[in-house]
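Q: Input: one structure, supplied below.
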Amino acid sequence: MADMAYVNGSFMPLGEAMIPIEDRGFQFADGVYEVIVAYEGQPFLLDEHLARLQRSADGIVLGLNCSSLNLEGIIQEGIQRSGYDDVLVYVQITRGVTSRQHAVTTELTPSVVLTFKRKPIYEPQLRTEGVSLETTADIRWSHCSIKSIALLANIMIKNAAKHRGFFDAIILTDENEVLETSCANVFVIREGVLQTPPASDRILHGITRGFLLDVARKEGIANEECAVDLEMLLKSQEVFITSSSIDIFPVRSVDGITIGDGKPGPITRRLLSSFPKLK
Ligand code: PLP
């Protein structure tokens, strides 16, 4: 078993993978990405991830039809080559390699890079006890629905939160509306209703978010995509965050204020059981 990479047509051990310095991903963060989890070798919600990758590529005017790349086949082969059961698959497509200048004047061949690593095994108490979050202002750009590799603002938010002893931060609008965290979507449960901020340009339209809304619809859990302000969130019975790599982490406190009784609530636990396999 080994971490593997795929770079523009070839597989190799991750440590041997290289990309030219003048790749626009390296110079300008001019690219898009996906993170996909495979459970027991099977990529979870793959079609949804690939559809979002295409939307992101279109969002930065990459002029690429992602279906021409045979990403399904590459992902399947990479998972097999890694030898891991549960795999974290990272897909990055950048505009390509050219002499460094802002404007793109020639037609470039996008760089296609994938990595295949063992899915992280999180400390069990993150799920049994939940995580604590702080709140922060939105210092990001205005196209957060594009899954851009330009993540500097997100990284600054996450690092500042960690430095202050929080797991992450909930990003708020100037009007104190909840958006998402640096790397996950946010859900609250108020009076039995599952609520999450609407899919706008100010959040990433999380694949896990969409999956859980579908699960809620199928299982008859009342749900709503609606504005959630900080005051509402702090009075919620349950809060949790979602992403492909974490699935669901319950939230026990925000800015030091305990959510509900400070323990993962019944709807959070019920939704947690809807994932194929949790480790
Ligand atoms: N929001 C942001 C800013 C993210 O970076 C991510 C995942 O990386 C998410 C939400 C969750 O998205 P998904 O469920 O598709 O992993």
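The values are calculated or read from the model by the stated rules, or taken from the named source; none is laboratory data. As the structure is a prediction and not an experimental result, all values here were calculated from the model. Cβ: placed from backbone, ideal geometry, glycine included. Neighbour counts: every protein chain shown. With ligands, DNA and RNA removed, areas are computed over all heavy atoms of the protein, side chains included. Shrake-Rupley method; radii C 1.70, N 1.55, O 1.52, S 1.80 Å.
Q: Mean separation of Cα pairs under 8 Å and 6+ residues apart, divided by the residue count of the chain: what relative contact order is that in percent?
A: Values: 560 pairs, mean separation 51.0, N = 279.
Averaging sequence separation for qualifying contacts and normalising by length gives 18 percent for the chain.
Q: Counting Lys and Arg as +1 and Asp and Glu as -1, each charge on the Cβ, what is the dipole of region 117-159 about the Cα centre in debye, to the nearest 20?
A: 360 debye
Q: If you roll a 1.4 Å probe over the heavy atoms of the protein chains, what accessible area per residue do you get for region 123-215, in Å²? Working shown, then result.
A: Working: 4080 Å² over 93 residues.
For region 123-215, the solvent-accessible area averages 44 Å² per residue.
Q: Listed highest first by mean packing, meaning other Cβ atoms within 10 Å per residue, what order do 247-255, 111-119, 197-205 come in? Let's see the in-between values first.
A: Details: 247-255: 21.9, 111-119: 19.8, 197-205: 17.0.
Order by mean packing, descending: 247-255, 111-119, 197-205.
Q: What dipole magnitude, in Debye to the nearest 20, does the chain give about its Cα centre under +1 on Lys/Arg Cβ and -1 on Asp/Glu Cβ?
A: Numbers: 27 positive and 36 negative charges, 99 e Å.
Its charge dipole is roughly 480 debye.
Q: Ranked from the most accessible area to the least, with a 1.4 Å probe and all protein chains present, what is the order of T105, T135? Don't skip to the answer; put the middle values down first.
A: Values: T105 110, T135 35 Å².
Result of the area sort, largest leading: T105, T135.
Q: On to the next question. Using a Gaussian network for the chain with springs between C-alpha atoms less than 10 Å apart, which of these wobbles most: G15, G59, G262?
A: Of G15, G59, G262, the Gaussian network model singles out G15 as fluctuating most.
Q: Turning to a different aspect of this structure: Which one, L64, Y39, L271, projects farthest toward the positive side of the charge dipole computed for the chain from Cβ point charges (K/R +1, D/E -1)?
A: Of the options given, the answer is Y39.
Q: Something else now. Could you please state, rounded to a whole Å, how far the C-alpha centre of region 225-279 is from the C-alpha centre of region 155-188?
A: 14 Å
Q: Just to verify a number: what accessible area does T208 come out at with the full protein assembly present, 1.4 Å probe, Å² rounded to tens?
A: Accessible area of T208: about 10 Å².
Q: Mean separation of Cα pairs under 8 Å and 6+ residues apart, divided by the residue count of region 139-191: what relative contact order is that in percent?
A: On the way: 40 pairs, mean separation 11.8, N = 53.
Relative contact order for region 139-191 comes out at 22 percent.
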